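Here, each number is a calculation from the coordinates, and none is a lab measurement. Computed from a predicted model, the values in this text were never measured in an experiment. All Cβ positions, glycine included, derive from the backbone under ideal geometry; neighbour counts span all protein chains shown.
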Amino acid sequence: MKTHREPISISSSYAEVSSHTSAWSRFIDWCERQEEKRLLWLAFALVGHGCIITILTLFAIMFSGNNLVFWPFVMSAMVACLVVNLAALPTKITIPVFFLSVLIDAIIIAMCVANGINLNSIS
C-alpha cells in the first residue's frame with residue numbers, strides 16, 4: 001500500500017490592519033458627537049466670540065496703533081463664525097470654524113502685543 005503525500009504549503013498572506021487614526025479625524029469624530037450640544041456651542045460661539053473675544057481683539061488692535069490691516073481679518077473671522085452658526089450647519093463644521101476664528105484672533109492679539117501696546121494711542 002502506497003501512501004500519498006501532498007506537499008505542505010504555508011500561505012504568508014497575513015496583512016496587518018493599522019488602526020491609527022489621525023488627530024484631525026479624531027477631532028471631527030468628537031465634533032460629530034457634539035451634535036446634541038448644538039445650542040450650547042451656538043451660544044458659546046455667538047456670545048463668547050462675538051461679545052468677548054472679538055471685542056478684546058479690537059481693543060488690542062486699537063491700543064497697538066490701530067493698524068488697518070488687522071481689521072478685515074478680525075471681522076472676517078467673526079462673520080465666518082456667525083454665518084456657519086446662523087446657517088444651522090452641523091457641528092462638524094461649526095466647531096472647527098469657531099476654533100479657527102479664535103486662532104485668528106489669538107494670532108492678531110499676539111502680533112499687536114509684539115507691535116507694542118500704547119495706551120496713549122486712543123484719544
Can you list the HN-Hα couplings for the range 96-108, worked out from phi with the Karplus curve (6.51, -1.76, 1.60; θ = phi - 60°), rounded to whole Hz and with x for Gly and Pro? x, 5, 4, 5, 5, 5, 5, 5, 4, 5, 5, 5, 5
Throw me the Rg/Rh for the range 38-118, computed over C-alpha atoms with Kirkwood Rh, two decimals. 1.02
Under 5 Å from the placed amide H of residue 65, counting only residues 5+ away or on other chains, we find 118
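What is the order of 76, 19, 101, fewest Cβ neighbours within 10 Å to most?
Exposure proxy ranking, most exposed first: 19, 76, 101.
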